[in-house]
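To start, the structure itself, in structure tokens.
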Amino acid sequence: MTTVLWILAAMFNLWSAYLFTKRFGFHDGKDRAVTFTLLFVTQIITSVFIAGACIEHLTNLTLFGVDVLFWLISAALVYRQGERLLPSVRQFKWPVRGWHWSGIVFGLMLVIFLAFCAYMGHVLPPYSYDALGYHLVSVATWMHEHRIVDIQASLWANVYPKNAELLYTWLYMSVDSDHWIHLGQWLFGIVGVIATMASARVIGLSRSGAIISGALFFTAPTVILQATTDYNDLAFCAMFLIFFYGYLKFMGSRDWRYMLLSGMAGGITLGIKSDAVMYIAVCFIVMLVQFARFYRKHQVTAKQIVGCLCLLVFPILLFGSEWYIHTWIIYGNPVYPFTVSIAGHVLFAGRGSVAQLIINPNTPSQLLHKPWWQQVWISWTRIPTNYSYDMHIGGFGVIWTFIEWPALVVTFFYALVKDKKLCYQVMVPLIVMFILQPANWWGRYTLFMIPLGAWSFVYICARLRQKWLWTTLYSLVLVIVCGSYGVGAALFAKMDTQHASQVVQAVHNAFATPPQARTVGSVVYPEYHWVDALKGPTNIGMADDVPFPYPLFGDHAKNNVYKFQMQSRATFLHEVQVEDIRYIMTVKGDPYDKWARQDHRRFAPYSQSAGYDVFRVRSSS
């Protein structure tokens, strides 16, 4: 019954997104596609937030009620205009004349890769490091409590913005399990493809060129591998690209509707990662320059400028600020645990800078103590022999190194002379963002560069007069993309799993495990397999050096998970009693492990694995 309610809620969500899109009154097909996509995602995130945080009853019944309310509002707005509430078949005609073979073939390739990623996302249980460590810990905690609450089991889950996790929660609610949760970033991948294609048309590329751009974006190694994880980097990039589309359209039209779309997308983006502040600020500066030009030519008034800026800023604050306000209230710092300082003066105290806590510990040895441009050069020119969802070097793939990056350089200098709009409204802002982005050698942090490279490649090909030359280039790129993944699939089929990477082993284990039994413990990390045998809901304690809280929640997020903080043996025993802990997972040799081993009266060994011990707490007599 709950799944039926979820499906009905999703249908009302789609319907109301269509009606709200209709209310915007766009006639351009790409405007309608981008607007519908943005509103669909925004309504999902908003509905889950209202149900879980405002109503504090995170169930499919509540979600259904919220989505019906959105539908009533959208229907009333459209009905007042005397328009149809149901879409007409005529609205969905797709022009097929004048297509080039390249657009059709690349489009077919894109569909195949999207289908493959969706399938792999369904086959695999959650397996990625940060997802198990904190992204999905938020989802599991909320589902366990049936409301949005603070997360005790992970500091990062409690302090990071969580708009992407709201969508993952929506997917979890579909079957009260994580069987479909991998489709979260897959859906965001589709959003990114739509935004990439739509922006390509705004830049001036053909329909076929737009499809090629979208296909090259999604088939980049880091993108396609991120699409099967529950990280938030692809989600962040996709929503930023929606923001960027609205920004581009507004720059060329001064239509307030695009400013509103950018504001909504910017708010969702800010609620995914704080990096959005810098991205939005760069585009905001370009907008101010354009406003100054319009004002000087008497094309806009000061009142119109203020109105447009309000349409941008208010939705950004509405959809993106709530997580930072929460963290500010709890920790006294909106971006805790990062320290914020200006010119040596600490504005918000934390545990260290972004470089100290994130970048430096994850910087590969070959990049240490090198200037940023040299780090980028090494990352972009190194050809890796294998790919992963969190590649530090070479994550953009062979196409970027040999095709898109050179095309970007050529296009920049060409546009600098021949196409000022492309140069200063598109390329310069994105390049500035890239330069300002910390750890810009890290592929998943700069995914927005892939669309820029794809646009540049298609832009250059469109200006080649010799048909055989651009036909050859398109064919070459197609062969490289399909060939590289084809070779990878062949090697995967013949690979010895004993010496393979953890992800490869997980894929093999998943295919060898019945669908209903695929869990983190049975497929990815066997040290968590003991959780699958627990019959009913229970309270599980974990040492603070156990890396992954999420698997301890179990299927349906039935278990309560409590993370011990390193203090003293007396405090540890007190917390076990107060929290009614029934099982404890420790790292072999850590203080918790020693305390549990020393107290045979309270703790009985329950399970052992490489590096970990599990104890059952004896019932007090």
Accessible surface of the chain, 1.4 Å probe, proportion on carbon and sulfur as whole %: 64 percent
Percentage, to the nearest whole number, of Cα pairs in the chain over 41 Å apart: 28 percent
Nearest-ten-degree value, helix 322-331 long axis tilted from longest Cα axis of the chain: 40 degrees
Formal net charge of residues neighbouring W328 (Cβ-Cβ distance under 14 Å; K, R +1; D, E -1): -2
Accessible solvent surface per residue of the chain, calculated while the other protein chains remain in place, 1.4 angstrom probe, Å²: 45 Å²
Extension gain (nm, one decimal) between H369 and V4, 0.36 nm per residue minus Cα-Cα: 125.8 nm
FRET efficiency, 1/(1 + (r/R0)^6) with R0 51 Å, evaluated for H574 and L14 via beta carbons: 0.50
Extension gain from S253 to R616, taking 0.36 nm per residue of separation minus the Cα-Cα distance: 124.1 nm
Cα-centre dipole for the chain with unit charges at Cβ (Lys and Arg positive, Asp and Glu negative), debye to 20: 2280 debye
Between 0 and 90°, nearest 10: helix 405-418 axis offset from the chain longest Cα axis: 40 degrees
Full-stretch length increase - A517, H298 - with 0.36 nm per residue and alpha-carbon distance subtracted: 72.1 nm
Isotropic mean projected area of the C-alpha convex hull, the stretch 100-151 (nm²): 5.5 nm²
Using alpha-carbon coordinates, inclination of helix 136-145 to the longest axis of the chain, degrees: 60 degrees
Global form of the stretch 210-312, assessed from the alpha-carbon gyration tensor, a/c cut-off 1.5: prolate
For peptides 563-572, 217-226, sequence by mean Cβ density within 10 Å, most packed first: 217-226, 563-572
Relative packing of peptides 461-470, 351-360 - highest average C-beta neighbours within 10 Å first: 351-360, 461-470
Sites D544 and S321, calculated FRET efficiency, Cβ-Cβ separation with R0 41 Å, nearest 0.05: 0.85
Leading residue at positive end of dipole, the stretch 284-438 (Cβ point charges), from P371, N333, L309: L309
Residue pairs, from the table K30/K303; K297/K421; K563/K594; K30/K297, whose Cα atoms sit over 21 Å apart: K30/K303; K30/K297
Computed Kirkwood radius, in angstrom, where 1/r is averaged over Cα pairs of the stretch 321-387: 14.4 Å
Rounded D (µm²/s) - the stretch 348-415, Kirkwood Rh over Cα pairs, Stokes-Einstein at 10 °C, 1.306 mPa s: 113 µm²/s
For the stretch 1-123, Kirkwood radius (reciprocal of mean inverse C-alpha pair distance, Å): 16.7 Å
Rounded, prolate or oblate (a/c below 1.5 giving rounded, otherwise prolate when a/b exceeds b/c) for the stretch 115-245 by Cα gyration tensor: prolate
Anisotropy class of the stretch 203-265 from Cα gyration tensor, a/c 1.5 cut: oblate
Mean residue ellipticity (222 nm) of the chain, computed from DSSP H runs ≥ 4 via -39,500 (n - 2.57), nearest 500: -18000 deg cm²/dmol
Relative contact order, percent, the chain [alpha-carbon distance under 8 Å, six or more residues apart]: 13 percent
More than 18 angstrom apart: percent of Cα pairs within the stretch 281-342: 54 percent
Mean projected area in nm² (Cα convex hull; one quarter of hull surface) for the stretch 500-621: 8.0 nm²
Amide H within-cut-off set for F603, under 5 Å, with H built and near neighbours excluded: R618
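The values are calculated or read from the model by the stated rules, or taken from the named source; none is laboratory data. Every value quoted in this text rests on a predicted model; they were computed, and no experiment measured them. No Cβ is skipped: glycine too gets one built from the backbone with ideal geometry, and neighbour counts run over all protein chains shown. When the accessible area is computed, the model is the full protein with side chains, heavy atoms only, and any ligands, DNA or RNA have been set aside. Shrake-Rupley method; radii C 1.70, N 1.55, O 1.52, S 1.80 Å.
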